[in-house]
Structures are given as C-alpha cells and as structure tokens.
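The values are calculated or read from the model by the stated rules, or taken from the named source; none is laboratory data. Source: prediction; values computed, not measured. In this analysis, Cβ positions are derived from the backbone assuming ideal geometry, glycine residues included, and neighbour counts consider all displayed protein chains. Keep in mind that these areas ignore ligands, DNA and RNA; they rest on the heavy atoms of the full protein, side chains included. Shrake-Rupley method; radii C 1.70, N 1.55, O 1.52, S 1.80 Å.
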There are 2 protein chains.
Amino acid sequence: MAVTISDVASAAGVSKGAVSLALNGHAGVGDQTRQRILDTAKTLGWTPSLRAKSLRSAKAYALGLVIAREAKLLGSDPFFPAFIAGVETTLEKHEYTLVLTVATEPGAEERCYRKLADGGRVDGVILTDVRHDDSRIALLRRLGLPAVTLSRPAVPSPFPAVCMDDAAGITAAVEHLISLGHTRIAHVGGAQVYIHGRSRRRAWESALSAAGLATDLFAEADFTAPGGVAATARLLARKDRPTAIVYANDLMATAGQSYAQTHGLNVPADLSITGYDNAQFARYLNPPLTTIAADPLAWGRQAAAMLLAQLDGTHDGGDLVLGPPRLVLRGSTGAVPPHAVPAVAGGRYQHISTAGT
Amino acid sequence: MAVTISDVASAAGVSKGAVSLALNGHAGVGDQTRQRILDTAKTLGWTPSLRAKSLRSAKAYALGLVIAREAKLLGSDPFFPAFIAGVETTLEKHEYTLVLTVATEPGAEERCYRKLADGGRVDGVILTDVRHDDSRIALLRRLGLPAVTLSRPAVPSPFPAVCMDDAAGITAAVEHLISLGHTRIAHVGGAQVYIHGRSRRRAWESALSAAGLATDLFAEADFTAPGGVAATARLLARKDRPTAIVYANDLMATAGQSYAQTHGLNVPADLSITGYDNAQFARYLNPPLTTIAADPLAWGRQAAAMLLAQLDGTHDGGDLVLGPPRLVLRGSTGAVPPHAVPAVAGGRYQHISTAGT
DNA sequence: GTGGTTCACTAAATCGATTTAGTAACAGAC
DNA sequence: GTCTGTTACTAAATCGATTTAGTGAACCAC
C-alpha cells in the first residue's frame, strides 16, 4: 500500500480532490478526465486506504461479534460457525468485515464490548445468546454502539431483533411424540437465563398443556454434554420416568441418549429422544437423532443485513421473525413402550441410579 | 467517542502533544503535569481513537483469519472455534483484534485475502488448512502481508510455521491397534492436498511399515461425513476387509462407525475405529469413540503470539512444533476378532455391498 | 557573564483520504 | 459588453492522533 491518492493524482496530472471525485463516481470531473484517473489508478494498483477513510468518515467499516463461551465448550456448538458464515455472506457484498471477540472467562464479556466500542473498532455489534434480563442492552446504550439482538430480550431494548421461532420446532417435536402415544414427555432445557433456553421450555409446556398432559417433567441443564447427562439421570431416576425426552440441543440429547443406553435402556424402544440444531453428527448416532433443524446461516445473513440497514439509516426499526425450523425425523423416536401406556408409576420399570455416568 | 485529544488538552491546559506524551509514558512532561493530564483524561472518559492511531502509525491493530469451507460444513469442525478462542487468548493481552473472513465459495479465498490486505485492514494473517502446494504463499508475498502458517507447506515459504505433530497421534493409534492384535488396519484419510491430510496418511503408513504390515488399505475422503461413509463402504466391501480403521477426523469416524453398524458389524467386536480431534460428542457415541486429542486452543494461542512477534520484529524466524497429541482410549477399539487372526480373505466374512448408506 | 546543556513544553507537520470553498473558463441572455 | 450560470477543476481544511522541530527558562561550568 505504498501508493496513495497523491501518487495517482500527480501521475494523472490532477489534484487529489479530482481523484476522489472520480473514484467515488461523483460529479465534478469530465468524462475523459475521470477515465484517465481511473486508468492510472488501476495501473498503479491503488486502493484507497481504509485507515484514512475510517478516520475521515468516522466509520470503522466493521461489525462486531462477541462470543461468551468457555473455551473448551466452543467447539461443540454447531451454531456459531454457520451463523458467522451467514454474516459473512452479507458482509462480503459490502465494504465491511467481521471483528470477532471471544470472552472465555466470565466477566470478560463487558471488557470485550468496551474494546470494540472504545477506539471505534466497529460500527455496531450483533448480540447472540440474548439473556432474559440482559445487562448488555444498557451497556451498549451507554457505549453508544448500535446493535441487533438475536431474540428480543425481556428488558426494554432500543435495538431491533432478528428472531427465530424456535417454539414452533419444539411444538412440532412434542406433537410428534404425542402422536406416537407418549404421555410422559420430559424436557431437558438449556440455561433459563437465555431467551432461547426459556422459549423452548415454554413451547414444550404449551404443547403439553394443549394436549392435557402434565408439565412437571422438566430438568434444567446448561447446553453442555455433562449437563445433559446429569439432567437425564435426574429424570430417569424418577418413579414416573418419562418415555420421551425433548432436549434443548443436540449435544445434550447425544449425551442423554448415551447415558440412557449405558444404563440399559433401549432408544427408542424404552425411551424416545429429540434434539435441537441438527448437528452434522446427529445423523450418524446410533440410533440417529430426531432433531430440529433451524437455519443459522439465514439467521446470520439477516442479522448482518439488519445491522447494516440500521447503520445507514434505512432500517424501519421493526423486528424480523425468521421462518420456523423443521422437525427432522430419525431413529431416536418411536412408539411409546406398550407397558408404559397406562401411566402408572413403578410397575415393570427397572430402577436407574443416578450414581456415575 | 465525541471526546478527542484536543478536548483533553484544552481541559488540562496543555497542548495536544503533551497529552500524547503523557498518555504513552514518554519523557517530555513533568510528573505533576503528566498526572494532571491523565486525571482529566480519565474524567472526560477519553480513549485515543484507534482510527487516528491506525492512520498515523500505518498499522491496523488487527490480525486476519480466512476460513475456506463450505458454509454447511463449517459447523461440523470442532477445530476452528477452539482455535479462534486460542487466538483470542493471546490477542486480548494486546491491542489487537481478530478479523474473520469466511470463503464459502471456491475461488472466494483469494478475494478474501485481497480484501484484508488492500485497504490495510489487518497487519498479518494466519493461514490454516495449509495445502501441500499452497498458492496462498505466493499471493501473500505479492500482497506484502506478513503471515504465519499452521504446518509448513511444501513450497518454499518465507513465513514461520506453527506445527502440530499429528503424526505422533496417528502413530499412537496404529500402535494401539497393533497391540490389540490387528493386522489389517485401514486408513480413511482427509483430502491429500492438505498437509494435515497427507501427514496423517504418512504416519499411518510408517507405523504399519515399522510393524511389517501392508499399507494398501487406504481410502481417500474429504473430512466430511458423507465422504467418510463412502470411504468406509469401499474398504468394507474389499475381500481382505480391515478389522480396524484409523480415520483422519472424528466426523468421518462417526459416519463410518454408523455405516458399519447399520450393515451388521459390531464395533469394536468386528471392527475397531479411531478418530481424530476428540470432538465433544465423540465421548457419547455408542460405543464411545477412541480418538486423538490435539490442543487447538494452544495452537491458536501460539500462532497469534508468533504472528505478533513477527510484526514487532522480535521473532527469530524459526518454526515452532507443539507437543504431540494424546490418544484417548474409549470403547470403539478392541481386540481383533478371533476368526480374523489368520488373515485369510473370504471365510466367515459376510459380504457388505457398497450400495446405499 | 557567556556559552552550553538539559528540561518542559508548544506549534506545526504528518498520515491519506473526503469535502468545502473558491476560481477560471466558457456559454447564453439581454 | 456585461451579467448570470454552469462546468471542471484546484487549494485548503478536516478527521484525531503522533512526532518533529523549535522555544523559553533554568541551571551549570569556566
């Protein structure tokens, strides 16, 4: 980048201003002069310095994304890579890039947002893993950083949201299980501080209530495999053990399925299982996992587009709700065990202790 | 960021230069003046504009990472999230951030690197998925962009490399299988254009040769699940069917295990399987997957550190080889099937057709 | 007391673009 | 011929920091 606008200007025999006008397609230079300028620019291999443009225009030409996740858990979530790819799909059409920050330690999150805001490193951020009572809303407002949230937080937020109707997916899963004859359908939820953890639980409750079934078979976990194991153990140790478990993500479902199998249960003969995410590996489990396929790629694309629109003032301020995810039926769900149809506790059930995994 | 250095200067009653000297700890301002300046800066909440600093210093204060992967495949690789977290671990101690770009379409890769280089968006890049004959080396040299490569490419490269000794992991896996009595040990490799695809195959070959075993049971795949299925199908259809398969990653191993199981083979009684990556879900497969655990977090940390060192001129230019990965023994590997010990083709083997997955 | 040196600080240049204000040339109207 | 208006362009200001050159003042040496 040794070549600057001055080089082009003197090479073309015009002023710097003329080069700028020519490059940006503004009026004020004649046609043949403009062409001559563009030609010499191309010959010299000149690209305007983003740094100079940034300073002059007070824009960073970058969006920010902060991922708050423990380092060793990061690799297990199929959401982020696909989501980021979606964001990139939108950004590559614009002069924007994505600045990624990972907050691995608790408490580092705020520091990350400050780092992005302080020097003016990004023009706006996308908030993922939105929490019910999300302190970041106030933080960003204080920092004066535009944003888009994935899901609408419970606290009043001035930022538009791109929402995924994950309730529809859970509803479909529960209805599928009900149609198979299940009546004791449990839910292993993600951390309930998250909107998506909470909404999935709500959807499970609503679907059960609508069918006149009880909603007490809930176990909260944290979207991790060990958490899924622990929650599954708790559920299966109950006297009124469920015949089906709806998990809030594939990783917990995988871990839960493994736990059930190592404790003598057959999936799906004794226990039906559904996941959420449609992770690649889910298809290749034994049995393959029935799960819910959302579209993180589209989510990322839309979130980036909405943030860009907000930045150049063309966004109307409204939220966007993406199409519902679809239920992917595989081998981990099946008819309710015959002996379990009369929903009486005890009976033929073998006891499963919660000790050990 | 409405407050600038001029605001601080006039508020403290000094010149802009004095503020700059004070902030950066340079000599030229008296002690009490310096303190007064720093105090007013804090009061006003001033942080120097990164944009101005960038222009002045001709630095971007950012590193770049280009991921070339089809969008839908991105979510399945546990490497990148952990690697990126490692990079961040290093960057958060410096005034640097990570700019991430995803090249989803073939051919978009070069465009991504140009986008990062052209405006001076990053000061250097980390090259992942290094290929045997990697055209990016020449490209980056042309663009004048400093870099660090993960693995050393076969073409002469002026860039230092951080290497993972993945050969050691594969060797350990093969030796483990040999100790279990296996003699027909196959390898499902990743695309051989990649250094890591190639080196894993080489390690498998060497370990077999060292034990006096044949190295013809190789099937090339592409690190994807469908690719793993296809390769597995080819191997299992052979008359001298292997009793163990060493896969180049967990996803292919998972898919291969699933394929074998759905075609009537018992893992590990009939077929032992090893993966590579130690993905979270691998522990929860049925049976759990024996695999090789590398440390992508450390890899990212070191790669970023090396690139930063290179940028400020403190790097000695030498490569760095990370400690060897470790073999994680789980249920997918076991003793060779008794009837398979005399390695005679045909016999009791059932035939497995390659049709269908 | 003159010359030299250090110290603390200011004024101004600089990075590379965009943008504003200004100017020269020319055309058309009257 | 003068006035107005448009066109095509240049010169200079600007963004916000760093850095260089320069300026008084104090201090020391001889």
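Observations on the structure shown:
- For the stretch B:1-131, the gyration tensor built on C-alpha atoms gives a prolate shape. Its axis ratio a/c (a ≥ b ≥ c) is at least 1.5, and a/b is the larger of a/b and b/c.
- Too-long pairs where the Cα-Cα distance tops 19 Å, listed order kept, from A:Lys115/B:Lys93; A:Lys16/B:Lys115; B:Lys59/B:Lys115; B:Lys16/B:Lys53; A:Lys115/B:Lys53; A:Lys59/A:Lys93: A:Lys16/B:Lys115
- Each Lys or Arg adds one and each Asp or Glu subtracts one; over the other residues with Cβ under 15 Å from the Cβ of A:Ala304, this totals -4.
- For B:His196, solvent-accessible area (1.4 Å; no DNA, RNA or ligand), Å²: 40
- Occluded residues from the stretch B:57-82, i.e. those whose accessible area drops by 30 Å² or more once the chain is not alone (1.4 Å probe): B:Ala71, B:Leu74, B:Gly75, B:Pro81
- Förster radius 60 Å - calculated FRET efficiency between A:Ser206 and A:Thr33, Cβ distance, rounded to 0.05: 0.35
- For the stretch B:205-297, applying the loop criterion from DSSP together with a ceiling of 10 other beta carbons within 10 Å to the trypsin sites (Lys or Arg not before Pro) yields B:Lys239.
- Max mean-square fluctuation residue, GNM over chain A, Cα-Cα springs under 10 Å, options A:Thr243, A:Thr97, A:Thr291: A:Thr97
- For the stretch A:250-266 and the stretch B:135-173, distance of Cα centres in Å: 40
- The stretch A:95-253: relative contact order as a whole-number percent, Cα under 8 Å and 6+ apart: 19
- Using the Cβ of B:Glu109 as centre and a radius below 11 Å, the other residues enclosed give a net charge of +2, where K and R count +1 and D and E count -1.
- Fluctuation leader among A:Gly13, A:Gly144, A:Gly334 - chain A, Gaussian network, Cα springs under 10 angstrom: A:Gly13
- One chain, two ends: A:Ala2 and A:His26. Fully extended at 0.36 nm per residue, the span grows by 6.1 nm beyond their Cα-Cα distance.
- Straight-distance candidates among the aspartates and glutamates for linking to A:Lys72, with alpha-carbon spacing under 12 Å and chain neighbours fewer than 8 residues away dropped: A:Glu105, B:Asp295.
- Expected 222 nm ellipticity per residue - DSSP helices of 4 or more, -39500 (n - 2.57), all of the protein assembly as shown, to 500: -12500 deg cm²/dmol
- Considering only alpha-carbon pairs that sit under 8 angstrom and 6 or more positions apart, the relative contact order computed for chain B is 17 percent.
- Gyration tensor (alpha-carbon) shape descriptor, the stretch B:169-301, a/c threshold 1.5: rounded
- Amide H contacts of A:Arg131 (H built 1.01 Å from N, under 5 Å, at least 5 apart or other chain): A:Ile195
- In the assembly of identical copies, B:Thr4 has its label point, taken 7 Å from Cα in the direction of the beta carbon, separated from the corresponding points by 1.8 nm (ascending, one decimal).
- Apolar share of the accessible surface for chain B: 54 percent from carbon plus sulfur atoms, 1.4 Å probe.
- DSSP-defined beta bridges in the protein assembly as shown - what % are antiparallel, rounded to 5: 15
- Cα gyration tensor shape of the stretch A:6-75, rounded if a/c is under 1.5, else prolate or oblate by comparing a/b with b/c: prolate
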